[in-house]
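**Student:** Sharing a structure with you now.
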Amino acid sequence: MTAGLANRFQEEFGEILFNVYGSTEVGGIAYAVPADLYDEPATAGMPLRGTEVVVLDSTGRRLAAGATGNVFVRRRWRIYGRTRNGGITSTGDVGYLDSHGRLFITGRSDEMIVSGGENVYPSEVEKLIARHPEVIEAAVSGVSDPEFGQRLNAWVVRREDSSLTAAEVQMYVRANLARYKVPRDIAFVNSLPRNSAGKVVKRLLPTPEYALDPPP
């Protein structure tokens, strides 16, 4: 669930929203109550009882609060899956823990791109754009780039009365994330293509030149 969706739901219905984060390999991992989502709409919540969430770098070193890395889980009972020494299992996700112990997921480890030598997770940028007050939802994906190897493109669904421009989206990302995470091209679309399970199918997104032009 994106932070933008959480915000819109709470604006409409009040602080009654809960969020559960888990995976096929591990099951339920974290749980966010309304107070968590009011303070931090992007959080996946606190680890469930009997569950320890561990964030590691690429060498297996445990990272401090606020540092982004690969998310692993340790349980009191055995988990079948990608288990390392010490009984921790990979979720396949990338994220971080804040100073309160709340988990934030920023992307999938297999979606990472390298742009100009920097590691970039498209979903981190995607979630940020979706939080913009004039945006309904967004999709971000890596594409080939002759200069940087790869770069980000973004597809944005604006609110009906919005006059948001591509430059304003880029300025918003630049104000909140590192410069190398700013999408090069912004495409405005009426909706995002989804499969029967409701998941966005990024390979069906239009190329920027066939997307909607920003309104005058």
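The values are calculated or read from the model by the stated rules, or taken from the named source; none is laboratory data. All figures in this text were calculated on a predicted structure; none of them were measured in a lab. Cβ sites come from the backbone with ideal geometry, for glycine too, and all protein chains shown count toward neighbours.
**Student:** Pairs, please: C-beta under 6 Å, at least 6 apart or cross-chain, first residue not assigned by TED's automatic domain parsing to the domain that holds TYR96 and in the stretch 49-70, second among the hydrophobic types (A, V, I, L, M, F, W, C)?
**Tutor:** From the stretch 49-70, no pairs qualify.
**Student:** I would also like to ask the following. Search the stretch 36-48 for residues that are without any contact (Cβ under 8 Å) to a residue 40 or more places away in the chain and pair each with any residue that is surrounded by fewer than 22 Cβ atoms within 10 Å (Cβ to Cβ) and in a strand (DSSP E or B) when their beta-carbon atoms are under 6 Å apart and the residues are at least 6 apart or on different chains.
**Tutor:** Close Cβ pairs satisfying both conditions: LEU48/GLY28; LEU48/TYR31.
**Student:** Can you tell which of VAL135, VAL156 is more than 12 Å from PRO183 (Cα to Cα) and crowded, with 20+ Cβ neighbours inside 10 Å?
**Tutor:** VAL135
**Student:** Something else: Answer yes or no as to whether GLY22 is on the phi > 0 side of the Ramachandran plot, of a type in the set (Gly, Ala, Ser) and modelled with pLDDT under 95.
**Tutor:** Here the answer is no, as GLY22 does not meet what is asked.
**Student:** Condition check: out of contact with any helix residue (DSSP H, G or I) (no Cβ under 7 Å at 6 or more places or on another chain) and outside the structural domain of ARG158 (by TED's automatic domain parsing). Does GLU15 satisfy that?
**Tutor:** For GLU15, the condition - out of contact with any helix residue (DSSP H, G or I) (no Cβ under 7 Å at 6 or more places or on another chain) and outside the structural domain of ARG158 (by TED's automatic domain parsing) - is not met.
**Student:** Pick from SER123, SER109: which is more than 19 Å from VAL173 (Cβ to Cβ) and not hydrophobic (A, V, I, L, M, F, W, C)?
**Tutor:** So the residue among SER123, SER109 that is more than 19 Å from VAL173 (Cβ to Cβ) and not hydrophobic (A, V, I, L, M, F, W, C) is SER109.
**Student:** Scan the stretch 3-43 for residues that are in a loop (DSSP other than H, G, I, E, B) and over 17 Å from the mean Cα position of the chain (by Cα) and report the count.
**Tutor:** Count: 9.
**Student:** Criterion first (out of contact with any Gly (no Cβ under 8 Å at 6 or more places or on another chain) and at pLDDT below 90) does ASN119 satisfy it?
**Tutor:** yes
**Student:** I'm trying to understand the selection: among the residues of the stretch 142-162, which are at pLDDT 90 or above and not charged (D, E, K, R)?
**Tutor:** LEU152, ASN153, ALA154, TRP155, VAL156, VAL157, SER162
**Student:** So, in the stretch 90-116, of the ones that are modelled with pLDDT under 85 and within 28 Å of ALA35 (Cα to Cα), which residue ends up surrounded by the fewest Cβ atoms within 10 Å (Cβ to Cβ)?
**Tutor:** The qualifying residue surrounded by the fewest Cβ atoms within 10 Å (Cβ to Cβ) is ARG108.
**Student:** Let me ask something additional. Can you pull out every residue in the stretch 44-77 that is among the polar types (S, T, N, Q), outside any strand (DSSP E or B) and under 15 Å from ASP93 (Cα atoms)?
**Tutor:** Answer for the stretch 44-77, where residues must be among the polar types (S, T, N, Q), outside any strand (DSSP E or B) and under 15 Å from ASP93 (Cα atoms): SER58, THR68.
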